[in-house]
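Reviewing the structure listed below.
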Amino acid sequence: MTKILGILLALVLVTVATAWNTESFLTPYNVKNLLNWIGLFGVISLGAAFVIIGGGIDLSIGSVVGLSACLLPWLLVKQGLSPWVGIPLVLAACAAIGLLHGVLITFVKLQPFVVTLCGLLCYRGLARWFTDDKEMGFGQGFTGLRDLVKSSVNLPIGGTVYYIPTTFLLMVALALAAAFLLNLTVAGRHLKAVGRNEQAARYSGVITPRVVIFSYVICSTAAGLGGMLFALDLNSVQPAGFGNFYELYAIAAAVIGGCSLRGGEGSVLGVVAGVAIIRLLFNSINLMGFPSQLEFAVIGLVILAGVLADTALLKLAAWNRRRQERLRAARDGHP
Amino acid sequence: MIAPAPEGPKPAPPLQTAAKSSPTPDAPARTPLLVVEAVSKRFPGVVALDAVNLTVDAGEVVAVIGENGAGKSTLMKILAGVQTPDSGRILWQGQDVQLDSPRAALDRGIALIHQELNLCDNLDIAANLALGRERRGLLGTLNNAAMRAEAERVLKRVGLNLSPRTLVGDLSIAQKQLVEIAKALLIDARLLIMDEPTSSLSARETENLYRVIRELKTQGVAIVYISHRLGEVRELADRVVGLRDGRNAGNLARHEIDHERMVKLMVGRDVSRLYHRTRHKLGQPALVVRGLETTAHPGRPLEFAVRAGEIVGLAGLVGSGRTEVLLALFGIEPAVRGAIEIDGRRVLIGDPQDAIKAGLALVPEDRKQQGVILEMAVRANIGLAGLKRHQTSGGLLPRAWEKRQARAMIERLRIKTPDDRQPVGLLSGGNQQKVALGKWLTLNPKVLMLDEPTRGIDIGAKEEIYKLMEELAARGTAILFVSSEMEEALGVADRLLVMHEGRITGELAYDRQELTEERVMDLATGRIGVPPWMPDSPTPAIKPPPPSDVARSS
């Protein structure tokens, strides 16, 4: 709980500092943009959190984002499919990718790092091959679908009208669903148990392979959904590079948000806050006039600082517990 | 030729170490090699050592005996610098020393031969022996020739006829152990600490280890030896030091070492008070096993049955295949073939879910890795096995059920915890074990299997667990347990099935007054080929065990 408070506090601090120092931060245009990015990256980070909480890792997220972002325009524009067929098809393909990862990890017993690293390479190559490495987009077509993704809800605050983008609202809805799944269902509890100690979970009758596969399917499907949203939002996708590094943003957001890469730990609220912090930092580096070449360095340092603070807190808690133990022992009259 | 020539393979004179180690070999009252004075160590919830004393002379084999949880392992870890004592002092050759790291202990010449061996399987013997103190050539490169020559000499001292280039991963456990000993000799260890060194060795390998130990003794190396096997202690030890509940329980000199005295030293209390035997009203067979072959011992079919309300123990040496029986029944390591019947109905068990559905439960051997999830709360641990069964229609967590069960188990098993949200890892071992048990009691299993139910927990918690077993049996639960503690196996079981190398070699019943240590050991060691460390035990002609009437009647 203290962890989440810490993350939210950091989020507020960065927001206030940026708003204080720049005039353009609180303009409706910037807020809309920022929330849009938080929404898009939030979708894929939520998926990543499932895998990480289950004790795994998925390096292929960026390539799956790229693949689905190319696949949707390719199916709709080049193959002339209706969106009613195309979108479910892309989601199903991405779910199949997750299923493949899960099966290779649980039944063939390959390491998640290796399996998803191969995925990272394969899906990128696949996307470049069927698009012939040409930029993909919807051109002037499918405006209804694109407008839906780019639409927003108006929110007047003190005379200014702010726009809350649909992508952000969608992410919030998905976050609520994820929180429900993780905290209130048996499947969520089993996922946490497997992430903590797979052997003990197995000895308690948890069907561990099913749980692990489930987490990878969720992760890849979320990446696929995110990829389609990106494609509809940007309307221009480079097969060679689009989505590169997104897995690392997603993992970083999960880690900032309190997920441990050892598994079993993490909260949805934390992950959303983690995504928000990362996007906010990009935004404020931009607005405050830092050299943009430094942005990766800044974000890297911030993540490191967060993890260090977390470790320090854990040590403090352990120290405090030992002290209590000693005090209690002294009180009970043990040597 | 830049590299220094490898040293010739001249055998080390056997008395070299002894000459170095005793500055005044003939002085009548020389200072002991090691003196441990009033050492204490506390862990959360447990006093592991309470003002323990120990003295070891050069060239002496001291056996430290005691039950699980008596503090033997903690004492050894303190000597090896793995743990530091809370109070007390340690004198090494008469001087006060701080053994605050394994390095500090090794530098003084104290080496611990771990129960779990600490070798790199991917390196060869020579590289393992030299690890951390590699010889270098002129350019700073590894001087493999010198390291191999060194390895060859020390391997000879421990009687290992292998090339130093052999990969350690290709060695047997016994050979690895000898490599560990060789490693200790290489740094001129003066004191070797061996923690249950024969627990996974065959009779012949054990004999070889004895030979090496005696040889080292003549070279002036002192050995502190922990063992559960009293026959072995009788064979080897110059002196016995008994520990009980973290305190010194007394010493035995060489001529005093016999079985009876050792047992008294270890147990030292009214055993009958610990075990509350009641007569069980036996019901129908709850578990019947026919022709079960485990993956560890294929081709050795097992036949046995456990009745409702009966407590049956699987006895035998480590590696005799007892745990594997439980794992097969629970579907962790499904049986190769054979039939399992629960309450007269044939069940197929391919994974733990099948077993749970059939009414089986297993409290596994490794509490921290298998029994509980240390980081999770008491409540979540107790609920874990029953969530699926009690989930609501939408797959929601049965939160009320979980909470109720956690409360009930905390009260019924007297789990000492501030509340049910406490992570299990912060509880003492005994309370962790109760959580592991409570998880299954929420499901009211027909057959409860327990693997080493009281390993490493304090006497108080042990007694409570024995009581609970009695209580469950009285309510008609069939209980099948594995125990390596002879006293426990004899004290709790209505019937003991004794295993040897994957076979059930006999069945002993409390009612027939057959539960004696001698009979168990005779069966556990396979009747034929009684190991050399029991030379004076007669080999009685035991009739083949009567077929279990239970198995026949069903």
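Here are the numbers:
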read-out	value
Acute angle (nearest 10 degrees) that the helix A:28-53 long axis makes with the longest principal axis of chain A, alpha-carbon atoms	60
Farthest positive-ward along segment A:1-289 dipole, Cα basis, beta-carbon charges - from A:Phe142, A:Ala10, A:Pro239	A:Ala10
Cα pair distances exceeding 28 angstrom across segment A:1-289, given as percent	38
Carbon and sulfur %, accessible surface of the protein assembly as shown computed with the full protein complex present, 1.4 Å	58
Beta bridges by DSSP in the protein assembly as shown, antiparallel share as percent, to the nearest 5	60
Per-selection Kirkwood Rh - segment B:173-306 (Cα, Å, 1 d.p.)	18.6
Check: segment A:68-152 dipole with +1 on Lys, Arg Cβ and -1 on Asp, Glu Cβ, in debye	100
All lysines inside 25 Å of B:Lys41 as judged from Cα atoms, apart from same-chain residues fewer than 8 positions distant	A:Lys315, B:Lys72, B:Lys77, B:Lys264, B:Lys368, B:Lys416, B:Lys434, B:Lys462
Principal axis dimensions, chain B - Cα atoms, whole angstrom, descending	78, 55, 51
Helix A:246-256 vs. chain A, principal-axis angle (Cα, 0 to 90°, nearest 10)	30
Mean Cβ count within 10 Å, highest first, over the residues of peptides A:71-83, A:94-106	A:94-106, A:71-83
Exposure rank, largest accessible area first [B:Tyr510, A:Tyr162; 1.4 Å]	B:Tyr510, A:Tyr162
Surface per residue (accessible, 1.4 Å probe) for chain A, Å²	48
0 to 90° range, to nearest 10: angle between helix A:61-73 axis and chain A longest Cα axis	20
Only Lys, Arg (+1) and Asp, Glu (-1) charged, at Cβ; segment A:1-289 dipole about Cα centre in debye	560
Fraction in percent of alpha-carbon pairs per bin - 5 Å, segment A:232-304	3, 15, 20, 21, 19, 14, 7, 1
Helix-only [θ]222 nm of chain A, DSSP H runs n ≥ 4, -39500 (n - 2.57) each, per residue, nearest 500	-24500 deg cm²/dmol
Residues losing 40 Å² or more accessible surface upon assembly, segment B:373-420, compared with the chain by itself, 1.4 Å	B:Ile373, B:Glu375, B:Met376, B:Leu384, B:Lys388, B:Leu396, B:Leu397
Average beta-carbon neighbours from other chains, 10 Å sphere, peptide A:185-194	5
Solvent-accessible ranking of A:Arg331, B:Arg322, A:Arg323, B:Arg367, largest area first, probe 1.4 Å	A:Arg331, A:Arg323, B:Arg367, B:Arg322
Along each principal axis, Cα extent of the protein assembly as shown, largest first, Å	99, 81, 57
Whichever lysines have a C-alpha closer than 16 Å to that of B:Lys388, once near sequence neighbours (fewer than 8 apart) are set aside	A:Lys192, B:Lys357, B:Lys403, B:Lys439
Largest-first ordering by accessible area, 1.4 Å probe, given options B:Cys120, A:Cys259	B:Cys120, A:Cys259
Å² per residue, accessible surface of segment B:98-158 at 1.4 Å	54
Candidate lysines for bridging to A:Lys134, where Cα separation is under 28 Å - those fewer than 8 sequence places away on the same chain excluded	A:Lys78, A:Lys150
Computed [θ] at 222 nm, helices only, for chain B once each DSSP H run of length n ≥ 4 contributes -39500 (n - 2.57)	-9000 deg cm²/dmol
Listed residues A:Val298, A:Ser151, A:Cys122: farthest to the positive end of the dipole of the protein assembly as shown (Cβ charges)	A:Ser151
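The values are calculated or read from the model by the stated rules, or taken from the named source; none is laboratory data. Predicted, not measured: the structure shown is a model, and the values here were computed from it. A quick note on method: Cβ atoms are made from the backbone with ideal geometry, for glycine too, and the neighbour counts reach across all protein chains shown. To get the accessible areas, we keep the full protein, side chains included, count just its heavy atoms, and leave off ligands, DNA and RNA. Shrake-Rupley method; radii C 1.70, N 1.55, O 1.52, S 1.80 Å.
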